[in-house]
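The values are calculated or read from the model by the stated rules, or taken from the named source; none is laboratory data. Here the structure is a predicted model, which means the values were calculated and not measured. Counting neighbours? That spans all protein chains shown, and the Cβs are built from the backbone with ideal geometry, glycine included. Side chains are part of the model used for accessible areas, which takes the heavy atoms of the whole protein and leaves out ligands, DNA and RNA. Shrake-Rupley method; radii C 1.70, N 1.55, O 1.52, S 1.80 Å.
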Amino acid sequence: MSSKTVLRVALIAGGTSSEREVSLKGARAVEKALKELGHKVEFFDPATDLLKLAQRAREFDVAFLVLHGRGGEDGTIQGFLELLGLPYQGAGVLGSALAMHKGLSKKLYQLACLPVPRGETFHKGRASSKEMVEYAKWLGFPLVVKPATHGSSVGMSIVENEKELSKALDLAFSYDDEVLIEEYIQGREITGGILEEKPLPLVEIIPKESKYFDYETKYTPGKAEEVCPAPLDEKLAEKGKNYALTAHKVLKLRHYSRTDMILKDDEFFVLETNTIPGMTETSLLPLAARVAGLAFKDLVQKLLELALKKS
């Protein structure tokens, strides 16, 4: 496909997840880039426009997804687009579902010999409070409690002691019926982007005020410093890139992804992989792509081309 080909793009963003506003913010940046590239763009919000998109799918060449969380990164919208025969960028149905569930993805990371924090998932209807408290005490404090199927640090807590555990579990369960209780590893926040099966420069995230890279820090300009390339020696940087690529492959992903890790004592611990990385002004994958020589609108164009490429 020539870069001068004018495409009819269905830009899909918004939705009903807790990350709706971030999705809409990213969509505005992508829409601007698409128009600068000369493409024809129409916006669709899954919260209200799915029937309209189904009726008009043949009017478009490709869909561009800027959706996060449930309904966006869990394979749901991907399955819908597959039924419509509308190409889209990013992971397919299976890869999206695998990456979205932190418990399942952790097991796949382990099968691929990637280091991960110790942890276990608990279902609200199958595990008692006593079981969760006993596991947390065995794991040791501090620890992390988070919903099993949400991203962007939504519903996540760092728990310093047993007294804080109940509140953290209530918060996580308010977002999901399954939660992950995981050891807290103190270290450097590193993220590794993948584009077209190739690692991008690693990014280090340094929160300026918060104790960790929480939701507010992630999406508020000035709350964190993002350093790219991350200041690591070459051997260690290559190790982190290889871990990100391995995570991408073991989860059966395609086109692009971003894997979050903690670096402690020269070892990376893999936390989770994002199948539709953020596209806001503070987003990390576009930063890494820019450092690699790919401007934002060129990244958008590349993703369109990958979506249309026959695999």
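Remarks
- Qualifying position, being out of contact with any Pro (no Cβ under 6 Å at 6 or more places or on another chain) and buried (at least 18 other Cβ atoms within 10 Å of the Cβ), among 102, 130, 137, 124: 102
- Among residues of the range 176-196, those that are over 20 Å from residue 107 (Cβ atoms), open to solvent by less than 40 Å² (accessible area, probe 1.4 Å) and in a loop (DSSP other than H, G, I, E, B), counted: 1
- Look at the range 43-56: where a residue is closer than 10 Å to residue 15 by Cα and open to solvent by less than 30 Å² (accessible area, probe 1.4 Å) and a partner is outside any helix (DSSP H, G or I) and among the β-branched types (Val, Ile, Thr), sitting 6+ places away or on another chain with Cβ atoms under 6 Å, you get 44/12.
- Figure legend. Inter-residue proximity from the range 78-102: first residues without any contact (Cβ under 8 Å) to a residue 12 or more places away in the chain, second residues small (Gly, Ala, Ser), beta-carbon distance below 8 Å, spacing 6+ or different chains. Indicated pairs: 82/92.
- Residues satisfying the stated conditions in the range 28-78, i.e. of a type in the set (D, E, K, R), under 17 Å from residue 89 (Cβ atoms) and touching a helix residue (DSSP H, G or I) at 6+ places or on another chain (Cβ under 8 Å): 61, 73, 74
- In the range 290-311, the residues that are among the charged types (D, E, K, R) reach residues that are surrounded by fewer than 17 Cβ atoms within 10 Å (Cβ to Cβ) and part of a helix (DSSP H, G or I) with C-beta atoms within less than 7 angstrom, at least six apart or across chains, in these pairs: 297/36.
- Scanning the range 105-121 for residues that are part of a helix (DSSP H, G or I) and either among the hydrophobic types (A, V, I, L, M, F, W, C) or open to solvent by less than 40 Å² (accessible area, probe 1.4 Å) (or both) gives 105, 106, 108, 109, 111.
- Residue 79 vs. criteria in a loop (DSSP other than H, G, I, E, B), open to solvent by less than 40 Å² (accessible area, probe 1.4 Å) and within 29 Å of residue 16 (Cα to Cα): no
- Residue 90 vs. criteria surrounded by 15 or more Cβ atoms within 10 Å (Cβ to Cβ) and in a helix (DSSP H, G or I): no
- Pick from the range 124-175, criterion in a helix (DSSP H, G or I) and under 22 Å from residue 20 (Cβ atoms), ranking: nearest to the chain's Cα centre (by Cα): 172
- Any hit, the range 245-268, residues being assigned to a strand (DSSP E or B) and open to solvent by 60 Å² or more (accessible area, probe 1.4 Å): yes
- Leading residue by the ranking (most open to solvent (accessible area, probe 1.4 Å)) among those in the range 1-22 that are at pLDDT below 95 and outside any loop (DSSP other than H, G, I, E, B): 21
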